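Peer 1: Please read through the structure below; I'll follow up with questions.
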Amino acid sequence: MYDSPGRLIGLLYRKGQIFWTRALKEQKIGAAEYPVLLRLYRGDGLTQEEITRDLSVDKSAVTRVIQTLLDKGLVERRKDEKDRRCNRIFLTSLANAQRENIKQIQLQWNQILQQQMSEEEQKLFFLLLEKAAESIKEETL
């Protein structure tokens, strides 16, 4: 049925988008917004360029997402103290109040993905995904 890794990766991506859209509907957080929030939960105060690089997405897409997060009161922009030309993105108290819920949704998705895998298979799965991601870094394309 599936004759290529790309087809399976595409299937997982589409199913993941459906899962996240449904799970975050109550919080009014969109499918494009949660990756930025998850990245900021690991450490905020990043520049838009850092977010773009870390998520490997288009700069204009990150700009649009940050604007919607600003409009929703989930992030705020602050001038960098060392370089006033640069803005840093910080989570607001509203975003931090939703952190645990979003982390639980992330955990739930991970459990769904790995529910039929042994612990050893889960480690191998993650290792192989990391290797695949490493293979397609922008520098190599």
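Peer 1: Of the accessible area of the chain, with the probe set at 1.4 angstrom, what percent is carbon plus sulfur?
Peer 2: Within the chain, the accessible surface is 53 percent carbon and sulfur.
Peer 1: Using a probe radius of 1.4 Å on heavy atoms only, what accessible surface per residue do you get for region 86-141? Whole Å² is fine.
Peer 2: 78
Peer 1: While we're looking at this one, here's another question. At a threshold of 8 angstrom on Cα-Cα distance, excluding pairs fewer than six apart, so keeping six or more, what relative contact order does the chain reach in percent?
Peer 2: Values: 94 pairs, mean separation 26.0, N = 141.
Computed over the chain, the figure is 18 percent.
Peer 1: Over the Cα atoms of region 69-137, compute the convex hull volume and normalise it per residue, giving Å³.
Peer 2: For region 69-137, the hull spanned by Cα atoms encloses 162 Å³ per residue.
Peer 1: Okay, moving on. Checking a compactness column here: for the chain, what do you get for Rg(Cα) / (2.2 N^0.38 Å), N being the number of residues?
Peer 2: Here the Cα radius of gyration is 1.17 times the empirical estimate.
Peer 1: Let me ask something additional. With every protein chain kept in the model, how would you rank LEU69, LEU127 by accessible area, 1.4 Å probe, largest at the top?
Peer 2: Order by accessible area, largest first: LEU127, LEU69.
Peer 1: Take every Cα-Cα distance within region 32-112, group them into 10 Å bins from 0 onward, and report for each bin the whole-number percent of pairs it holds.
Peer 2: Whole-percent P(r) values from 0 Å outward: 18, 51, 27, 4, 0.
Peer 1: Given Cβ point charges of +1 (Lys, Arg) and -1 (Asp, Glu) and nothing else, what value in debye, to the nearest 20, does the dipole of the chain about its Cα centre take?
Peer 2: Taking the Cα centre of the chain as origin, the dipole is about 560 debye.
Peer 1: Same structure again: Which entries of LYS79/LYS137; LYS25/LYS82; LYS103/LYS137; LYS28/LYS131 show an alpha-carbon separation above 28 angstrom in the structure shown?
Peer 2: Long pairs (Cα-Cα over 28 Å): LYS79/LYS137; LYS25/LYS82; LYS28/LYS131.
Peer 1: With N residues in region 1-63, what two-decimal value do you get for its Cα radius of gyration over 2.2 N^0.38 Å?
Peer 2: Here the Cα radius of gyration is 1.31 times the empirical estimate.
Peer 1: Before I look further, what does region 1-58 give for accessible area per residue, probe 1.4 Å, in whole square angstrom?
Peer 2: That works out to 64 Å² for each residue.
The values are calculated or read from the model by the stated rules, or taken from the named source; none is laboratory data. Note that the structure is predicted; figures quoted are calculated from it, not measured. FYI the Cβ positions are ideal-geometry reconstructions off the backbone, even for glycines, and counts take in every protein chain you see. Keep in mind that these areas ignore ligands, DNA and RNA; they rest on the heavy atoms of the full protein, side chains included. Shrake-Rupley method; radii C 1.70, N 1.55, O 1.52, S 1.80 Å.
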